[in-house]
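A.B. asks: Here it is, the structure in full.
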Ligand code: C5P
């Protein structure tokens, strides 16, 4: 079987990483979470007190930052210059600033370069916002995952509650909607469905059903 590239895009909290991880597992492919890369840079920029509106400064910061995605038992570990920031990059403060950081050309250009390098050999499932449209335009399978904002907020709510964090549902809804708006309206490679992407509305689907649907698409293409 040919080892192909699978691109999974969609708005915040649509279940991309959950589904992408499972698909990668079944196929023994590498899973690449590009959102984690933007989060890692945001984490570092916040720590260094860099102005998040300053694209040049962020680009320079990225040049001296190594970001490693290492497979681990529960998915993936994220190392920034060797430091394990897997948990930190999911904190509210990072989540609510990442769309500011990811809008800059200086940042995106370098990230895209790194992401393409990771995918050259094929056998990858990559998730993000611009994978099918920009990072891997020749990916054999392109998926666009969506779900209602209510459903996405509810999933995030349950996920956080399990971790012992209780954020009001309305607040989560607003944060998700704000991030979607910034990601879809930015100038450089905004979140948009690739013309040749297969759209899946996961609002009332189980994770398993979504995974199986994607695996079916993969079978048709590899
Ligand atoms: O996927 P996740 O929600 O972790 O992504 C965090 C943020 O990183 C997004 O809201 C978006 O601003 C940015 N991002 C991006 N392009 C990607 C992946 C993520 O701009 N390919």
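A.B. asks: Please report 37, 60 as a ranked list, fewest other C-beta atoms within 10 angstrom at the top and most at the bottom. Please report the intermediate quantities before stating the final value.
C.D. replies: Numbers: 37 26, 60 13.
Listing 37, 60 from fewest to most nearby Cβ atoms yields 60, 37.
A.B. asks: Another question, then. To the nearest 0.05, what FRET efficiency results for residue 171 and residue 87 with a Förster distance of 30 Å applied to their C-beta separation?
C.D. replies: After rounding to 0.05, the efficiency reads 0.90.
A.B. asks: With a cut-off of 8 Å between alpha carbons and a minimum separation of six or more residues, what is the relative contact order of the chain in percent?
C.D. replies: 34
A.B. asks: Still on this structure, I have one more. Once fully extended, how much extra length lies between residue 60 and residue 181, figured as 0.36 nm per residue of separation less the alpha-carbon to alpha-carbon distance?
C.D. replies: Length gained between residue 60 and residue 181: 40.9 nm.
A.B. asks: Moving on. Cα atoms only: what Rg and Dmax, in Å, come out for the chain?
C.D. replies: For the chain, the Cα-based Rg and Dmax read 16.5, 48 Å.
A.B. asks: Right, something else. Using only helices, what value at 222 nm comes out for the chain when you add -39,500 (n - 2.57) per DSSP H run of length 4 or more and divide by the total residues, to the nearest 500 deg cm²/dmol?
C.D. replies: When only DSSP H runs of four or more count, the value is -14500 deg cm²/dmol.
A.B. asks: Further, regarding this structure: Percent relative contact order of the stretch 108-191, based on C-alpha pairs within less than 8 angstrom and at least six residues apart?
C.D. replies: That works out to 28 percent.
A.B. asks: Take 111, 126, 205 and order them by how many other Cβ atoms sit within 10 Å, fewest up front.
C.D. replies: Lowest to highest Cβ neighbour count: 205, 111, 126.
A.B. asks: Over every pair of different alpha-carbon atoms in the stretch 75-165, take the mean of 1/r and invert it; report that Kirkwood radius in Å.
C.D. replies: Details: mean 1/r = 0.0636 Å⁻¹.
That comes to 15.7 Å for the stretch 75-165.
A.B. asks: Another question, if that's okay. Quick one: if the Förster radius is 35 Å, what FRET efficiency do residue 68 and residue 148 give, using the C-beta to C-beta distance and rounding to 0.05?
C.D. replies: 0.50
A.B. asks: Could you work out, for the stretch 109-162, what percent of all Cα-Cα pairs fall into each 10 Å distance bin, beginning at 0 Å and stopping at the bin that holds the largest distance?
C.D. replies: Histogram of Cα-Cα distances, whole percents per bin: 20, 38, 24, 18.
A.B. asks: Neighbour counts of other C-beta atoms within 10 Å: give me 222, 102, 72 arranged from fewest to most.
C.D. replies: The order, fewest Cβ neighbours first, is 72, 222, 102.
A.B. asks: What full-extension length gain, to one decimal in nm, is calculated for residue 26 and residue 97 as 0.36 nm per residue of separation minus the Cα-Cα distance?
C.D. replies: Answer, rounded to one decimal: 22.2 nm.
A.B. asks: Of the DSSP beta bridges with both residues in the chain, give the percent that are antiparallel, rounding to the nearest 5.
C.D. replies: Just about 30 percent of them are antiparallel.
A.B. asks: Length gain on complete extension for the stretch residue 216 to residue 198, per 0.36 nm per residue less the alpha carbon to alpha carbon distance?
C.D. replies: Result for the pair: 5.3 nm of gain on full extension.
A.B. asks: Something else now. Can you tell me, using C-alpha contacts under 8 Å and at least 6 residues apart, the relative contact order of the stretch 33-82 as a whole percent?
C.D. replies: Once normalised by length, the contact order is 30 percent.
A.B. asks: Taking only Cα atoms and a 10 Å spring cutoff, compute GNM fluctuations for the chain and point out the largest among 110, 174, 87.
C.D. replies: Maximum among the listed residues: 87.
Every number in this text was worked out from the coordinates using simple rules, so none of it is lab data. The shown structure was predicted, so the numbers you read here are calculated from the model rather than taken from an experiment. Neighbour counts are summed over all protein chains in view; Cβ atoms, including those assigned to glycine, are modelled from backbone coordinates with ideal geometry.
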